[in-house]
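Undergrad: To start, I am sharing the structure in question, which I have written as structure tokens.
The values are calculated or read from the model by the stated rules, or taken from the named source; none is laboratory data. Not measured: the values here are computed from a predicted model. Glycine gets a Cβ as well: all are built from the backbone with ideal geometry, and neighbour counts include every protein chain shown. Surface areas here come from the heavy atoms of the whole protein model, side chains and all, with no ligands, DNA or RNA. Shrake-Rupley method; radii C 1.70, N 1.55, O 1.52, S 1.80 Å.
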Amino acid sequence: IQAAWILKTRALTEMVYVDEIDVDEEGIAEMMLDENAIAQVARPGTSLKLPGTSQGGGPSPAVRPVTQSGRPITGFVRPSTRSGRPRTMEQAITTPRTGLTARPITSASGRCVSLGTASMITNPDGPFINLSRLNLAKYAQKPKLAKALFEYIFHHENDIKKALDLAALATEHGQFKDWWWKVQIGKCYYRLGLYREAEKQFKSALKQQDMVDTILYLAKVYLRLDQPVTALNLFKQGLDRFPGEVTLICGIARIYEGMNNISSATEYYKNVLKQDNTHVEAIACIGSNHFYSDQPEIALRFYRRLLQMGVYNCQLFNNLGLCCFYAQQYDMTLTSFEHALFLAENEEETADVWYNLGHVAVGIGDLNLAYQCFKLTLVNNNDYAEAYNNLAVLEMQKGRIEQARALLQTASYLAPHMYEPHFNFAILSKKVGDLQRSYTAAQKSEEAFPGHVDTKQLIKQLKQRFAML
């Protein structure tokens, strides 16, 4: 009976199992209500929340687009890179909540509850185990049963409190010598937001048994506490004990990328490829870096490598199309974009393709085609700030000042972290003689991108005009 019970428990767990190490999405609550910061004003190069302070000499926003938090757009979408960290609660709540990016208020509860309820539908007789009637102390004394039961409670039922009680009892029964239970207690504490307690458990488990997974869990804790330097040191110590471990090298590369230290990130991604030359994330990130470093031909080789490996999706053909265009291989450009449109799975992906086609049209000087492409972008995704900005520039060239102004205001509202709409609005306002609005917009542009030379010159000119008045 016990064997059948364990088998069913394991099967139900596997149905909804999510690897806790890699899939870690921050919800609005974690972003805005997180008070685990060590210092309110971090030193340069020590915070993921303020990556603009990096000393690594990353690309400027003029070359590479950035997220709300100032991180450069990565070459590979992970849960933590899908959208940036909003600076205010208002921004967090008004982020475009589409089918792809709608986030639960807290990521852990939202994601796991939806997984749990999906699995419950398949069980017409109600839950397999009634947790409220369980005698946890009895199960804690049977190690094999306890481990299967813990995973069922943690993953399938998402009852973290019950799982923590069982883990604590089992650890006590094992006289605190079983490292596995310590890791599970750490996972429970992490899910409950008790990061310092989780850190103690993971450290204790590492002393008993050196495991790569435990190092990755501990690094997650440090990243959530916004201590990327501590996480980097932990990964590097782990590499001394596990030389060539791909997940550790990749973890270091991701942190450097998050801190805008792109050169170091690329070095580590190359080290990943030395160990595993089919690592999709590393190939995509190196290709993306070459593209933004004005080396589209080299980027093209990396993206073609992904194609040879069997990656066949809209995003890849989108990137291939752009690389072909900038590498002046015009015969392949439109073919790649046609493939991308054919493979697009939703309206967001279709909007990306039309937006890039608009760029190609601007590059070849066909402004009417560009106008149509940007309009089609907005048909597919009405929150596409970059398309509003580019449409406004085309409207300005046609002399339609009011339409351009309205489009730029929409773009700056949708993406306050972008400097382009603010700068274009400042230029437009200066042209029509509205110097005060121009100055306000220029200041916002400078705040979004402090190193933008044209913005600085514009502010200087406006100050001189104000002095003359």
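Undergrad: Tell me yes or no: at least one residue of region 411-419 is free of Cβ contacts under 8 Å to residues at least 12 places away in the same chain, within 18 Å of Asn381 (Cβ to Cβ) and not polar (S, T, N, Q).
TA: yes
Undergrad: Now a separate question. In region 170-192, which residues are open to solvent by less than 30 Å² (accessible area, probe 1.4 Å) and closer than 18 Å to Glu20 by Cβ?
TA: Trp181, Lys182, Val183, Gln184, Ile185, Gly186, Lys187, Cys188, Tyr190
Undergrad: Filter region 189-208 for residues that are among the hydrophobic types (A, V, I, L, M, F, W, C) and under 12 Å from Ala219 (Cα atoms) and give the result. Reasoning before the result, please.
TA: Step one: list which residues in region 189-208 are among the hydrophobic types (A, V, I, L, M, F, W, C), which gives 192, 194, 198, 202, 205-206.
Ala198, Phe202 - these are the residues of region 189-208 that are among the hydrophobic types (A, V, I, L, M, F, W, C) and under 12 Å from Ala219 (Cα atoms).
Undergrad: Determine which member of the set Phe317, Phe291 is in contact with a helix residue (DSSP H, G or I) (Cβ under 7 Å, 6 or more places away or on another chain) and open to solvent by 40 Å² or more (accessible area, probe 1.4 Å). Break it down into steps so the answer makes sense when it comes.
TA: Values: Phe317 fails: open to solvent by 40 Å² or more (accessible area, probe 1.4 Å).
None of the others qualify; the one that does is Phe291.
Undergrad: Shifting gears a bit: Just to be sure before I move on: is Thr335 in contact (Cβ under 8 Å) with a residue 24 or more places away in the chain and of a type in the set (Val, Ile, Thr) in the structure I sent?
TA: Numbers: in contact (Cβ under 8 Å) with a residue 24 or more places away in the chain: no; of a type in the set (Val, Ile, Thr): yes.
The answer is no for Thr335.
Undergrad: Still on this structure, please answer the following. Consider region 23-48. How many of its residues are at pLDDT 70 or above and surrounded by 13 or more Cβ atoms within 10 Å (Cβ to Cβ)?
TA: Going through region 23-48 one residue at a time, the tally reaches 4.
Undergrad: Any idea which residue in region 449-469 is nearest to Leu414 (Cα to Cα), counting only those that are assigned to a loop (DSSP other than H, G, I, E, B) and open to solvent by 40 Å² or more (accessible area, probe 1.4 Å)?
TA: Filtering region 449-469 down to residues assigned to a loop (DSSP other than H, G, I, E, B) leaves 449-452, 469.
Adding the requirement that they be open to solvent by 40 Å² or more (accessible area, probe 1.4 Å) leaves 450-451, 469.
Values: Pro450: 20, Gly451: 22, Leu469: 34 Å.
Only one residue tops the list, namely Pro450.
Undergrad: For region 320-336, enumerate the residues that are under 17 Å from His290 (Cβ atoms), hydroxyl-bearing (Ser, Thr, Tyr) and surrounded by fewer than 15 Cβ atoms within 10 Å (Cβ to Cβ).
TA: none
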